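Values in this text are rule-based calculations from the coordinates and carry no lab data. Just so it is clear, the model here is predicted, and its values are computed rather than measured. Here the Cβ positions follow ideal geometry from the backbone for every residue, glycine too, while neighbour counts run over all protein chains shown.
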Amino acid sequence: MPNITKSVEVGAPVEKVFEMLDNPENFPVYVPNVTKVSNIRRSEKRLGDSFDVVYSMMGMEFPETFTYSEYAKPKRLAARYEGRMSGSMGITLEPKGDKTLATLDVNYEVRPGPFGKIANKLLFERMNEKSADRMLENIKMVIEATK
């Protein structure tokens, strides 16, 4: 299962960064290629809560269900996702004075089958690497623009 780990420094306190990331409705704002969020189920503890998203890539839609697997406010959020791709995505936030170091870790797998094997090697590794970079850039841009 391919793994991606990337970090960015955000010019805002940890609490502000966590607040934006903790709301699934914000997914399309910072996660590249997410076109829709629905069926949000939230409780105070978040563990086991879920929401559905639709990724659109290369004219294909990938419906995915995210389920929170870690929730440590304001330091870490993580979720497993299932659909045409499966894996996990988490963000760890570390205070750096009045700034935050946000570290994204993603593990993913395209479902088995001929398309899955070809796409995973030739396409999705590069696309997911770039998406991780863009996601962190978007988080930084959106939060710093709303100071």
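Pop a pseudo-label 7 angstrom from the Cα along the beta-carbon direction at both Lys36 and Asn3 and give the gap in nm to one decimal.
Calculated label separation equals 3.4 nm.
What percentage of all Cα-Cα pairs in the stretch 3-145 are separated by more than 28 Å?
When every Cα pair of the stretch 3-145 is considered, 15 percent fall beyond 28 Å.
Each residue of the stretch 127-137 in order: what ³J(HN,Hα) in whole Hz does its phi give by Karplus 6.51 cos²θ - 1.76 cosθ + 1.60, θ = phi - 60°, with x for Gly and Pro?
My calculation for the stretch 127-137 gives 5, 5, 4, 5, 5, 5, 4, 5, 4, 5, 4 Hz in order.
Could you give the length gained by full extension between Ala145 and Asp133, i.e. 0.36 nm per residue of separation minus their alpha carbon distance, to one decimal place?
2.5 nm is the gain from fully extending Ala145 to Asp133.
In whole Hz, with x marking every Gly and Pro, tabulate ³J(HN,Hα) for the stretch 2-8 from phi via Karplus 6.51 cos²θ - 1.76 cosθ + 1.60, θ = phi - 60°.
3J(HN,Hα) across the stretch 2-8, in whole Hz: x, 10, 10, 10, 9, 9, 8.
Just to check I understand the Karplus step: with θ = phi - 60° and J = 6.51 cos²θ - 1.76 cosθ + 1.60, what whole-Hz values come out for the stretch 20-33, glycine and proline as x?
Taking θ as phi minus 60°, the curve returns 5, 5, 6, 10, x, 4, 7, 3, x, 6, 10, 9, x, 6 Hz for the stretch 20-33.
Find the lysine pairs in the stretch 3-145 meeting two conditions, Cα atoms under 18 Å apart and a separation of 8 or more places or different chains, and report how many there are.
Final tally of qualifying lysine pairs is 21.
If amide H atoms are built 1.01 Å from N in the plane of the peptide, which residues on other chains or at least 5 residues away come under 5 Å of the amide H of Arg46?
none
Separation between the Glu44 and Glu125 pseudo-spin-labels, each 7 Å from Cα along Cα→Cβ, expressed in nm?
That separation, rounded to one decimal, is 4.6 nm.
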